[in-house]
Amino acid sequence: VDLGIFLNGIPLFTTELKEQFTGQTVNDAVKQYRLTRDPRLTLFTFRRCLAHFAVDDDNVYMTTKLDGKKTNFIPLNKGYDRGAGNPPNPHGFSTDYLWKEIWEKKSLLNIIQHFVHDEKVLDDKGRQTGRKLIFPRYHQLDCVRRLIDDSRQKGPGQKYLVQHSAGSGKSNSIAWLAHQLSVLHDDDDKPVFDSAIIITDRKILDKQLQRTVSEFQQTRGVVENIEKTSKQLKEALEVGKRIIITTLQKF
């Protein structure tokens, strides 16, 4: 492995680095993980490390589970000109945000505390069929952090619009944001919000959203799903439930 990041001796990440001047790209790093790294070795077993990165001058890809040829790598790029990849960097590599922003000490501890999640995989009947380790993609991390920082500075009463394309992890972004807003404190250590309310305009609660937000709670009872009547919503608001998920019709 070209690079490993450890915290007090505990492995967090492994990375394969490729440099295009030598004729190798991020695709070679991905191939290396899939074909030459044994997922049965302790360092590479599932949930031993938080993520494995494939990096070159222009692109960053990552996975949370090595599974031989079936290993699924997804981009951790910023995006460029309304498309994939990363913007040109006049001061260095286009991928230097990885070690300057994401792997920076405070950022990394924040990711471990608030973003990395060990999720149960359930079938249509709610039966557990496996586990999945979730690590935020760049657009999710950037979106949630910017909203949290602005809310901490300006307080309640602001309006924001977030555009998410299909399949880009909206439910995860909403869950991370709601949980962090529910415990957000200002500079005087006072809570910024009484409750975080997630409202969907569907008549029936979005089951995926409901399940994701509930899965992300670290303390049982933080999330209240309003599935019955408007009275249930009224009571949740009155007792100050930290996160409330409801349909617009309940109001």
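The values are calculated or read from the model by the stated rules, or taken from the named source; none is laboratory data. Everything quoted here is computed from the prediction, not taken from an experiment. FYI the Cβ positions are ideal-geometry reconstructions off the backbone, even for glycines, and counts take in every protein chain you see. Surface accessibility is based on the protein's heavy atoms, side chains included, excluding ligands, DNA and RNA. Shrake-Rupley method; radii C 1.70, N 1.55, O 1.52, S 1.80 Å.
Points worth noting:
- Residue match in the stretch 182-192 (condition: open to solvent by less than 30 Å² (accessible area, probe 1.4 Å) and not polar (S, T, N, Q)): yes
- Out of 207, 203, 241, sole residue that is open to solvent by 40 Å² or more (accessible area, probe 1.4 Å), at pLDDT 85 or above and farther than 18 Å from residue 144 by Cβ: 241
- Per-region count, the stretch 215-234, residues within 20 Å of residue 201 (Cβ to Cβ), part of a loop (DSSP other than H, G, I, E, B) and touching a helix residue (DSSP H, G or I) at 6+ places or on another chain (Cβ under 6 Å): 1
- Exclusive hit being assigned to a strand (DSSP E or B), of a type outside the set (D, E, K, R) and in contact (Cβ under 8 Å) with a residue 12 or more places away in the chain, set 93, 53, 46: 53
- Checking the stretch 237-245 against the condition returns a match, with at least one residue being under 27 Å from residue 140 (Cβ atoms) and assigned to a loop (DSSP other than H, G, I, E, B).
- Sole residue being open to solvent by less than 90 Å² (accessible area, probe 1.4 Å) and free of Cβ contacts under 8 Å to residues at least 24 places away in the same chain, chosen from 23, 85: 23
- Note on the stretch 92-106: residues that are exposed (fewer than 13 other Cβ atoms within 10 Å of the Cβ) and more than 21 Å from residue 184 (Cα to Cα) total 2.
- Within the stretch 155-170, being closer than 20 Å to residue 115 by Cβ, small (Gly, Ala, Ser) and surrounded by 10 or more Cβ atoms within 10 Å (Cβ to Cβ) holds for 168, 169.
- Taking the numbered list (1) within 19 Å of the chain's Cα centre (by Cα); (2) surrounded by 12 or more Cβ atoms within 10 Å (Cβ to Cβ) in turn, residue 218 passes all entries but (2).
- Test: residue in the stretch 107-120 that is free of Cβ contacts under 8 Å to residues at least 40 places away in the same chain and either surrounded by fewer than 10 Cβ atoms within 10 Å (Cβ to Cβ) or in contact with a Ser or Thr (Cβ under 7 Å, 6 or more places away or on another chain) (or both): no
- Every residue from the stretch 35-82 that is open to solvent by 50 Å² or more (accessible area, probe 1.4 Å), more than 22 Å from the chain's Cα centre (by Cα) and under 13 Å from residue 15 (Cα atoms): 37, 43
Per-residue answers, yes or no, for (1) in contact (Cβ under 8 Å) with a residue 24 or more places away in the chain; (2) among the aliphatic types (A, V, I, L, M):
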residue	(1), (2)
202	yes, no
211	yes, no
216	yes, no
221	no, no
226	yes, yes
244	yes, yes
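- Whether a residue is open to solvent by 40 Å² or more (accessible area, probe 1.4 Å) and touching a Cys at 6+ places or on another chain (Cβ under 9 Å) was assessed, and residue 17 does not pass this test.
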